[in-house]
Amino acid sequence: LSSQQPEYLLVEFLSELNYQVNVKKKVCIAVESIRIKPGEGIYNLESVLLLRNINDETDILKQEIKAITYHNIEIKFHNNVYTVVLVFDI
Amino acid sequence: MNVQGIELNKIHDYLWEIPKNGGMNVPGRIYSSRQMIDSYMQNDEALKQVINVAHLPGIQKYSLAMPDIHWGYGFPIGGVAATDLNDGVISPGGVGYDINCGVRIAGTSLHFEEIKRRVPKLVENLFRKVPTGVGAKGAIHKLNSKDLKNILTRGSAWSVENGFGTEKDIEHTEEKGRLAGADPAKVSERAIERGLDQAGTLGSGNHFLELDVVDEIFDDQKAETFGLFKGQVVLMIHTGSRGLGYQVCDDYLKVLLKAEKKYDFKLPDKQLACAPIQSQEGQDYLSAMKCAANFAWNNRQVIMHIAKKVFINTFNISEAGLNFNLIYDVCHNIAKIEEHLIDGSIKKVCVHRKGATRAFPGDNKSLPEIFRQTGQPVLIPGDMGRYSYIAAGTSRAMDETFGSSCHGAGRVQSRHQALKAGKGRDLVNELRKGGVVIQAHGLRTIAEEMPYAYKDVSDVVDVMHNTGITIKVAKLKPFGVIKG
């Protein structure tokens with residue numbers, strides 16, 4: 001994935017996971033690697049994820065996430081910790 | 001008056017103006033009562049969002065808010081903005097994720113008194129037949145991509161050709177159930193994929209099927225024209241374009257966030273990402289949005305057809321005896337190219353209605369002949385415990401709000417707050433005591449959608465009625481609800 005701001009990249013990454021759940025019926029169970037590389041005015045993200053199939057019989061999706069929004073999104077860095085508040089449209 | 005540091009000047013008892021300031025291109029105008037402002041706007045970001053929308057390039061006259069205004073993404077819910085077709089912008093934030101989320105109401109010949117003993121059975125059968133809830137699918141055969149693309153360009157007409165509706169249904173649907181200029185090539189494969197098995201499904205969240213009885217008639221002549229009578233059983237359907245629409249919005253937000261830099265827009269909120277309507281990006285979004293809108297109209301048409309079959313089977317009644325007929329279908333999340341009188345001349349504008357309903361008067365040529373004396377039906381669902389309204393559009397709406405009105409009650413509690421408020425309570429029984437039978441996939445949705453989470457829709461409708469933007473025609477009372 002690539003995007004012009006780290007915040008947008010985060011939204012794209014989570015949107016990808018949401019797409020896997022909603023359409024491919026797969027859920028992410030582990031992140032094997034994730035690398036973010038800043039480029040010329042662009043941020044690139046490469047990740048290897050472990051997914052498993054959602055089992056209609058045993059898995060219950062309690063809440064559909066329609067979309068990951070950009071609402072007031074801002075990644076903050078304080079005391080060596082990154083924080084961000086994300087709003088999901090449900 | 002001052003709300004959260006925002007100056008609100010009173011125009012009259014139901015209209016308040018935020019003066020043009022800073023980067024605002026126009027003033028903001030909010031239709032509301034003093035009581036509603038005091039009760040609901042003190043801790044809501046919506047007024048700030050009215051100001052943000054006023055920054056959009058090419059916005060005309062005012063950034064408007066209807067009385068059901070509450071916080072949304074980018075635009076407030078209940079926001080209306082018209083932008084100049086030549087030098088204005090189009091913004092997915094002014095439409096929402098659920099493109100052409102809307103409402104339709106179908107009338108029947110049934111009297112509530114005749115069927116009240118069989119309401120639980122009817123609710124159960126509707127719940128069984130109409131796919132609801134997270135990931136709902138399979139209302140009709142799984143579509144192939146050729147079918148789906150046909151729906152994206154032709155909307156409700158696909159349903160009629162495939163036996164899910166009648167020509168009259170199309171006539172009684174806003175835009176006849178189809179926006180022209182929809183190009184499926186502008187819709188991503190992902191969006192297509194999300195839509196393939198979702199035609200005719202209700203989904204989750206605030207979407208519903210609701211059985212209502214016509215409880216009160218305010219305008220006999222208009223009610224008769226709309227086909228309404230006191231004690232009548234009607235069915236209301238509230239849903240939209242499902243995953244396909246969300247994906248279209250998502251896809252184009254990404255495109256338009258890039259356009260912001262390209263066109264050097266300085267907007268106060270990322271969710272207001274936009275592009276000039278005449279630009280490639282703007283035209284592509286408009287075309288994809290039309291596809292999603294057409295999908296949504298078809299969706300509501302298919303659900304209505306399934307519901308009709310359920311009525312016929314549950315009551316063992318003939319189709320003619322049931323007289324299941326579409327009163328009207330309105331969309332309340334949309335951007336449409338319309339003509340409006342601005343500064344003394346007719347101008348083509350892109351009207352964004354985000355949680356707002358079109359409310360055209362009878363002399364508008366886009367309405368079917370039957371509504372020429374009444375204005376278009378304006379459908380305003382309330383909460384699932386109290387009541388909903390049917391009103392009619394007026395020429396005042398054309399003069400003041402680009403032919404727009406409110407779309408519902410508007411939330412006063414977030415889903416989280418509502419869930420908390422419902423803890424430890426037997427909500428199903430509470431509703432039953434109030435005369436409402438409900439079936440849903442989980443108690444969570446019921447708690448999130450309880451009446452206490454919403455404003456009293458009567459307050460909202462009264463603002464529009466007292467201003468003359470719409471005229472009240474009938475009040476409906478719910479007795480059966482199906483939630484996702």
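The values are calculated or read from the model by the stated rules, or taken from the named source; none is laboratory data. Just so it is clear, the structure is predicted and the values come from calculations on it, not from any experiment. We place every Cβ from the backbone using ideal geometry, glycine too, and count neighbours over all the protein chains shown.
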Of the listed residues (B:Lys149, B:Lys116), the one being basic (Lys, Arg) and at pLDDT below 95 is B:Lys149
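Return the only residue of B:Gln278, B:Gln221, B:Gln198 being over 22 Å from B:Gly74 (Cα atoms), more than 14 Å from every other protein chain (Cβ to nearest Cβ) and among the polar types (S, T, N, Q). Step through it out loud before you land on a result.
Working: B:Gln278 fails: over 22 Å from B:Gly74 (Cα atoms); B:Gln198 fails: more than 14 Å from every other protein chain (Cβ to nearest Cβ).
Within the list B:Gln278, B:Gln221, B:Gln198, the selection yields B:Gln221.
Here's a check for you: in the range B:80-94, which residue that is among the small types (Gly, Ala, Ser) and more than 11 Å from B:Leu272 (Cβ to Cβ) is surrounded by the most Cβ atoms within 10 Å (Cβ to Cβ)? Quick ask: steps written out before the conclusion?
Of the range B:80-94, the ones among the small types (Gly, Ala, Ser) are B:81-82, B:88, B:91, B:93-94.
Subsequent filtering for residues that are more than 11 Å from B:Leu272 (Cβ to Cβ) retains B:82, B:88.
Details: B:Ala82: 32, B:Gly88: 24.
So the residue we want is B:Ala82.
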Mind checking which strands (runs of 3 or more DSSP E) fall wholly inside the range B:367-441 and carry at least 3 residues that are closer than 30 Å to B:Ala81 by Cα?
-> B:377-380, B:388-393
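Suppose we filter B:Ile69, B:Ile59 for residues that are among the aliphatic types (A, V, I, L, M), in contact (Cβ under 8 Å) with a residue 60 or more places away in the chain and either within 14 Å of chain A (Cβ to nearest Cβ) or touching an Asp or Glu at 6+ places or on another chain (Cβ under 9 Å) (or both); which single one remains? I'd like the intermediate steps shown before the answer.
Details: B:Ile59 fails: in contact (Cβ under 8 Å) with a residue 60 or more places away in the chain.
Being among the aliphatic types (A, V, I, L, M), in contact (Cβ under 8 Å) with a residue 60 or more places away in the chain and either within 14 Å of chain A (Cβ to nearest Cβ) or touching an Asp or Glu at 6+ places or on another chain (Cβ under 9 Å) (or both) holds for just one of B:Ile69, B:Ile59, which is B:Ile69.
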Could you please find all residues in the range A:30-72 being more than 30 Å from B:Pro268 (Cβ to Cβ), β-branched (Val, Ile, Thr) and at pLDDT below 95?
-> A:Val31, A:Ile34, A:Ile54, A:Thr58, A:Ile60
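When you scan the range B:49-68, do you find a residue that is of a type outside the set (Val, Ile, Thr), out of contact with any Cys (no Cβ under 9 Å at 6 or more places or on another chain) and modelled with pLDDT under 95, even just one?
The first filter runs over the range B:49-68 and keeps only residues of a type outside the set (Val, Ile, Thr), leaving B:49, B:52, B:54-58, B:60-68.
Those left that are additionally out of contact with any Cys (no Cβ under 9 Å at 6 or more places or on another chain): B:49, B:52, B:54-55, B:60-65.
So of that shortlist, the ones also modelled with pLDDT under 95 come out as none.
No, there is no match, as no residue in the range B:49-68 is of a type outside the set (Val, Ile, Thr), out of contact with any Cys (no Cβ under 9 Å at 6 or more places or on another chain) and modelled with pLDDT under 95.
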From the list A:Ser2, A:Ser33, pick out the single residue that is among the hydroxyl-bearing types (Ser, Thr, Tyr) and more than 14 Å from chain B (Cβ to nearest Cβ).
-> A:Ser33
Only one residue in A:Glu40, A:Glu7 is more than 9 Å from chain B (Cβ to nearest Cβ), under 29 Å from B:Gly93 (Cα atoms) and not hydroxyl-bearing (Ser, Thr, Tyr), so which one is that?
-> A:Glu40
The lone exception for B:Ser241 - which of (1) at pLDDT 95 or above; (2) more than 14 Å from chain A (Cβ to nearest Cβ) it fails = (2)
Got a sec? Which of B:Asp284, B:Asp212 is closer than 23 Å to B:Leu179 by Cβ, among the charged types (D, E, K, R) and either in contact with a Lys or Arg (Cβ under 7 Å, 6 or more places away or on another chain) or more than 14 Å from chain A (Cβ to nearest Cβ) (or both)?
-> B:Asp284
Does B:Gly155 count as over 25 Å from B:Lys472 (Cβ atoms), within 20 Å of the chain's Cα centre (by Cα) and within 14 Å of chain A (Cβ to nearest Cβ)?
-> no
If we keep only residues of the range A:10-27 that are crowded, with 19+ Cβ neighbours inside 10 Å and either facing chain B (nearest Cβ under 7 Å) or of a type in the set (Ser, Thr, Tyr) (or both), then the residue nearest to the chain's Cα centre (by Cα) is A:Ser15
So the helices (runs of 4 or more DSSP H) completely within the range B:228-334 holding 1 or more residues that are touching a residue at least 60 places away in the same chain (Cβ under 8 Å) and surrounded by fewer than 18 Cβ atoms within 10 Å (Cβ to Cβ) are B:280-315, B:319-322
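Can you tell me which residue within the range B:302-360, out of those that are among the polar types (S, T, N, Q) and on the phi > 0 side of the Ramachandran plot, is farthest from the chain's Cα centre (by Cα)? Explain how you work it out, then say what you get.
If we filter the range B:302-360 for residues that are among the polar types (S, T, N, Q), which is where we start, we get B:313-314, B:316, B:318, B:323, B:325, B:333, B:345, B:357.
Next, from what is left, pick out any that are on the phi > 0 side of the Ramachandran plot: B:316, B:323.
On the way: B:Asn316: 33, B:Asn323: 25 Å.
Taking the candidates together, the pick is B:Asn316.
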Go through B:Gly435, B:Gly442, B:Gly403, B:Gly424 for me and flag whichever is crowded, with 19+ Cβ neighbours inside 10 Å and either within 29 Å of B:Arg29 (Cβ to Cβ) or of a type outside the set (Val, Ile, Thr) (or both).
-> B:Gly403
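What number of residues within the range B:337-385 satisfy the criterion of being of a type in the set (A, V, I, L, M, F, W, C) and without any contact (Cβ under 8 Å) to a residue 24 or more places away in the chain? If you could, list the steps in order and put the result at the bottom.
So the first thing to find is which residues in the range B:337-385 are of a type in the set (A, V, I, L, M, F, W, C), and the list is B:337, B:341-342, B:346, B:349-351, B:356, B:359-360, B:367, B:370-371, B:378-380, B:384.
Cutting the leftovers down to without any contact (Cβ under 8 Å) to a residue 24 or more places away in the chain gives us B:346, B:367.
Here the count works out to 2.
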Of the conditions (1) more than 19 Å from B:His332 (Cα to Cα); (2) in contact with a Cys (Cβ under 9 Å, 6 or more places away or on another chain), B:Glu430 clears all except one; give me its number.
-> (2)
Checking B:Lys129, B:Lys142, B:Lys116, B:Lys137 in turn, the sole residue that is in contact with a Pro (Cβ under 9 Å, 6 or more places away or on another chain), over 17 Å from B:Ser404 (Cβ atoms) and surrounded by fewer than 24 Cβ atoms within 10 Å (Cβ to Cβ) turns out to be B:Lys137
Name the helices (runs of 4 or more DSSP H) wholly within the range B:92-201 that hold at least 1 residues that are without any contact (Cβ under 8 Å) to a residue 24 or more places away in the chain and touching a Phe, Trp or Tyr at 6+ places or on another chain (Cβ under 7 Å)?
-> B:145-154
Odd one out for B:Gly408, checked against (1) under 20 Å from B:Val119 (Cβ atoms); (2) crowded, with 22+ Cβ neighbours inside 10 Å | (1)
Taking only the range A:51-81 into account, find how many residues are surrounded by 10 or more Cβ atoms within 10 Å (Cβ to Cβ) and away from chain B (no Cβ under 14 Å).
-> 2
How about the range B:2-66: which strands (runs of 3 or more DSSP E) wholly inside it have at least 1 residues that are surrounded by fewer than 19 Cβ atoms within 10 Å (Cβ to Cβ)?
-> B:9-12, B:15-18
